[in-house]
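Participant: Input: one structure, supplied below.
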Amino acid sequence: MAKKQKVITILLAYNAANTLERFYHQLPKELFDEIILFDDASDDKTSDISKKLGITTYKNRVNLGYGGNLKKALAISVSKEADIIVDIHPDGEYKPNAISSALILIKNGAELVLGNRFYNLNYIFNKSGMFIWKIIPILLLNRISESLLKTGATDLHQGFRVYTKRLLEKINFEENSSNYLFSFELISQAAFIKAKITEVPVNTNYTGKKRGAKLISSINYTIGTFKVMLSYILAKIGFRVGIFKKPPLSVVSRIKYILENTA
C-alpha cells in the first residue's frame, strides 16, 4: 500500500488580522494534515488571531519580504516531512475552492500546480476586482513568459500554487529572490528541469489595497521577469548561473541552511 502523502498548507501573512479568521473558516481543512501561518513581522494582531484559531504560527523578527518568507515556509514544511505544500494567501485574495482540484492533479503526478485567473475573461473583467489597467499587461506578460518557458500553463504571475517535495529536491529555490520575483523564478526553475506543471481555475477577490500592486511596483516586477527569462535562455544554452545552477547539496542540508539564516 502506498504511503499517504502529507499535505501542509502555508499561509504567508502580513497585516492580515482583518481577513484571517474569515478566510480560515473557508478553508477545506479536512484536506490538510497541518496548517501553518508565517507572519512576516506584522504590526497588527495577525499572530495572536492565528494562535487563537489553533494554527501553528511562526512570526519573523524582521520583515523577510514575500520571497524570504516563502523560502522559510517551504523549508519548515519540508523539515516537517511535507510531500505536498499548498500556498494560498490568508487575505482572501484567492478563493480556496481550487485546492481540492489542485491536490487531485498533484496526486496524479503533477509536480507543480498553478492557479489560472484567466480561465473566464468575463469573470476577470467584471467580477474579480482586478484593476482594469492591469489585466491586458498581465495577459501580455503571461503570453511572453509562456512562449519561452513552455510550461503548458496560462497564468504564470499569480499567487496560488501547490508545490511538491520532489520538485524542491531538484531546484535551487534557496537562491531565489526575497521579493515577489521568487515565484516566477521557481516556475522558471521547474520549467528548466522539465518538471510536470499544470493549472487549475482559481477565482479571486481583489478589494481595497489588494486590488493590485502600485504601477511602479508592477514595472519593477516586469523588468525583473525579463531578467529571469534572460538567465533562463543562458541556462538553456549551457551557462547555468545563479538560480539555474544544479543544487549542490541535498534538500535536507539546504533547508537546514535556510532555517539557520532566517529571522
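The values are calculated or read from the model by the stated rules, or taken from the named source; none is laboratory data. Note that the structure is a prediction, hence the values are computed from the model and not measured. Neighbour counts are summed over all protein chains in view; Cβ atoms, including those assigned to glycine, are modelled from backbone coordinates with ideal geometry.
Participant: Can you name the residue in region 1-42 that is charged (D, E, K, R) and at pLDDT below 95 and is also surrounded by the most Cβ atoms within 10 Å (Cβ to Cβ) among such residues? Please lay out each step first, then the result.
Facilitator: Within region 1-42, the subset charged (D, E, K, R) is 3-4, 6, 21-22, 29-30, 33-34, 39-40.
Pick out the ones that are also at pLDDT below 95 and you get 3-4.
On the way: K3: 6, K4: 8.
Looking at residues that are charged (D, E, K, R) and at pLDDT below 95, I get K4.
Participant: Here is a list of conditions, (1) β-branched (V, I, T); (2) in contact (Cβ under 8 Å) with a residue 12 or more places away in the chain; (3) part of a helix (DSSP H, G or I), and T154 meets all of them except one; can you say which number that is?
Facilitator: (3)
Participant: Would you check if L37 is within 13 Å of the chain's Cα centre (by Cα) and either assigned to a loop (DSSP other than H, G, I, E, B) or under 23 Å from E260 (Cα atoms) (or both)?
Facilitator: Working: within 13 Å of the chain's Cα centre (by Cα): no; either assigned to a loop (DSSP other than H, G, I, E, B) or under 23 Å from E260 (Cα atoms) (or both): yes.
Criteria not met by L37.
Participant: Cβ contacts < 6 Å: first residue touching a residue at least 12 places away in the same chain (Cβ under 8 Å), restricted to region 6-22; second residue aliphatic (A, V, I, L, M) and assigned to a loop (DSSP other than H, G, I, E, B), any location; separation 6+ or different chain. Result?
Facilitator: Going by the 6 Å Cβ cut-off, the qualifying pairs are K6/A82; I8/A82.
Participant: Another one. Considering only region 51-83, state which residues are over 20 Å from N176 (Cα atoms) and among the hydrophobic types (A, V, I, L, M, F, W, C).
Facilitator: So in region 51-83, the residues over 20 Å from N176 (Cα atoms) come out as 51-59, 61, 80-83.
Result: L53, I55, A82.
Participant: Give me the helices (runs of 4 or more DSSP H) completely within region 52-144, filtered to those with at least 1 residues that are free of Cβ contacts under 8 Å to residues at least 60 places away in the same chain and surrounded by fewer than 19 Cβ atoms within 10 Å (Cβ to Cβ), ordered by residue number.
Facilitator: On the way: elements: 65-79, 99-107, 121-126.
Where helices (runs of 4 or more DSSP H) fall fully within region 52-144 and carry at least 1 residues being free of Cβ contacts under 8 Å to residues at least 60 places away in the same chain and surrounded by fewer than 19 Cβ atoms within 10 Å (Cβ to Cβ), they are 99-107, 121-126.
Participant: K45: surrounded by fewer than 18 Cβ atoms within 10 Å (Cβ to Cβ), of a type in the set (K, R) and more than 24 Å from Q158 (Cβ to Cβ), yes or no?
Facilitator: Numbers: surrounded by fewer than 18 Cβ atoms within 10 Å (Cβ to Cβ): yes; of a type in the set (K, R): yes; more than 24 Å from Q158 (Cβ to Cβ): yes.
Judged against the criteria, K45 is a match.
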